[in-house]
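Encoded as structure tokens, the structure appears first; notes follow it.
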Amino acid sequence: MAYSAKVMDHFENPRNLGKMENADGVGEVGNAKCGDIMKIYLKIEDGVIADVKFNTFGCASAIATSSMATEMIKGQKVEDALKLSNKAVVEALDGLPPAKIHCSVLAEQAVKAALADYYTKNGIELDPAIFGNGSCGGHCDGCDSCGIEG
């Protein structure tokens, strides 16, 4: 399995690694099939993601996608961070092997789960078009297409 130089760089030198005390939003997702678990912490100031941290238990692709996703949303408005897609994460890493695409889905869903937590803590209504119907923990619409089990 060949990884791009960017994947290896984010795996060997992850950005924004660690925990965050008093986070404004925390999201945790996992994939029971591969054992990957991602946790994203957000600090939001004036509607902008001022800081973001992550902890990931998983393979090189899981760590690299978590790292890249945090880089992509840091400094972004919350509304823009909600638009993060797994495809954008894969493209930013110059690709992933097909068997590892699910890691990028986890990164996207961890960000959305953290933003859903932030919305909930602040009494902001969750838009089902963005956050799904909540049947699998609020991070998707309960289908099996993403491989995430609620």
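Remarks
- Candidates GLY75, GLY95, ASN22 compared by Cα position along the dipole of segment 5-131: farthest toward the positive end lies GLY95, with charges placed on Cβ.
- Net charge, MET8 excluded, C-beta distance under 14 Å - Lys, Arg +1, Asp, Glu -1: 0
- Near ALA107: Cβ cut-off under 12 Å, other residues only, Lys/Arg at +1 and Asp/Glu at -1. The net charge is +1.
- Set of aspartates and glutamates near LYS39 by C-alpha distance (under 18 Å), chain-local residues within fewer than 8 positions excluded: GLU21, ASP24, GLU28, ASP51, GLU71, GLU108, ASP117, GLU149
- Estimated FRET transfer efficiency (ALA99, LYS19; beta-carbon r; R0 41 Å; 0.05): 0.90
- Shown here: semi-axes √(5λ) of the Cα gyration tensor in Å, derived from the displayed model; of the candidates [x] 28, 18, 13; [y] 27, 21, 18; [z] 23, 18, 13, it corresponds to [z].
- Site pair ASP127 and CYS59 shows an inter-label distance of 3.4 nm when each label is modelled 7 Å from Cα along Cα→Cβ.
- Comparing mean-square fluctuations of ILE49, ILE37, ILE130 from a GNM of the chain with C-alpha springs under 10 Å, the top value falls on ILE130.
- The charge dipole of the chain, taken about the Cα centre with unit charges on the Cβ atoms of Lys, Arg (+1) and Asp, Glu (-1), comes to about 300 debye, rounded to the nearest 20.
Just so you know, all these numbers are worked out from the coordinates, no wet-lab data involved. As the structure is a computational prediction, the values presented were derived from the model and not from experiment. Neighbour counts run over all protein chains shown; Cβ positions are idealised from the backbone, glycine included.
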